[in-house]
Structure formats: structure tokens, C-alpha cells
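Trainee: My questions will all concern the structure given below.
Any read-out appearing in this document is the output of simple, stated calculations on the displayed coordinates, not a laboratory observation. The structure displayed is predicted, hence computed values, not measured ones. Positions of Cβ are generated from backbone atoms using ideal geometry, with glycine treated the same way; all protein chains shown enter the neighbour counts.
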Amino acid sequence: MRYVAAIFLAAGPAWAIVWGLGVAGGLGIPAGDYGDIVRPSAVADGRVILCLSPNLSLTAGVAYRLEHKAKGFPGAENASYDVLPILVGANYRFEYLPCMPYAGGGAAVAVSRATVPAAVGTEEHKATRVGAYAEGGMEYYVVENFGVDMRGRFLAAFGGDSVTRGENLVEADNYLAFDVLIGLFFYP
């Protein structure tokens, strides 16, 4: 199989595309109106990487905010706020092996769900917002095709409706967050 891959890679630049997988975890820090209604939380992140050249790669990924607890309104201790950001973008890597710093960004869609206990049952508010993200980090290669990825990311998505309960904001009209992530990547 390696010989077949080597023949295709030698055939020309069109076959020189390499793909990879990455998983990461870390801390998500909310900002803006979103930061007024939820606390910082754990973040899990997965991505597919398509390297078009040694420096340029396309990425597609999904993240999930774990155990997001609401704050700032009566009953917040029993409320939750789940967000699923879907990200598609590109990264540019600078060659300093075994460390490769990178910067990039792209488009984002944030799907959110606020679950709030009410006197007559549970209220659920859903929103889908479109926005963008920017990130920077460093890949450290432990061996030739496997390593550790450390990155920071800022995500901004707008377009949802704000929802209030009495005078208190329950669902923000924006989704702004800073993520600090550490994970693993693999290029088969």
C-alpha cells in the first residue's frame, strides 16, 4: 500500500494532498451577552484536516460545550445552555519542525439550546447563528505523523433572538467565546 501511495504522490501535485484527524479538549470562556448568562465550561473538539501543501490546510470540525451552567436569573442553578459550534476554515502553518506554529480562521455556525425550568414546566429556546472564527496555535510533532496541538480560538456568531424571562436575559442574541484547547493530531 505504501508503494501505491508513493506512486500517486510522485505522479503530480494533484495527488499530494494529505489528510489528518485531530481531537482536543479545554476551557471555553463566554463573552458578550452570552457571557452574561453562562459560566466558563469544558469544551470538546474534533476536526478533519486536509493538507493542500506543507503550509496550507483546510479544516472542518465540530465542538461541544460541556455542562454549561446558566447564571444571572432566578432558577439559573437548574438551567443549562448547550452550544454546538460547527467550523469550516483554513490554517497556514509556518515551518519550524518539530514545532509548527499556525494561524487561521473561517466560517462558523453555532447551534444553541437554552433549557430553563419554569413554573409550568421546562422552557426550551433554540437558535442557530452564523459567524466566523479566528485561531492560532502550534503543532508539536512527537513522531513523523503524530503530535500535540495547542491552540486558542475566538468565535463570534450573530443572528439569534434574545429571550428574556421577566427582566433577565435567558437567550443571548450573540454567541462570543474564547477557547483554549490542547489535543492530539494524526496524519495517517
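Trainee: Can you tell me the FRET efficiency between Trp19 and Phe178 if r is taken as the Cβ-Cβ distance and R0 is 35 Å, rounded to the nearest 0.05? Each step should come with its number before you reach the end.
Mentor: Numbers: r = 28 Å, r/R0 = 0.81.
Plugging the Cβ-Cβ distance into 1/(1 + (r/R0)^6) gives 0.80.
Trainee: Compute for the range 20-186: radius of gyration divided by Kirkwood radius, i.e. Rg/Rh, restricted to C-alpha atoms, rounded to two decimals.
Mentor: Values: Rg = 17.5 Å, Rh = 16.6 Å.
Taking Rg over the Kirkwood Rh, I get 1.05.
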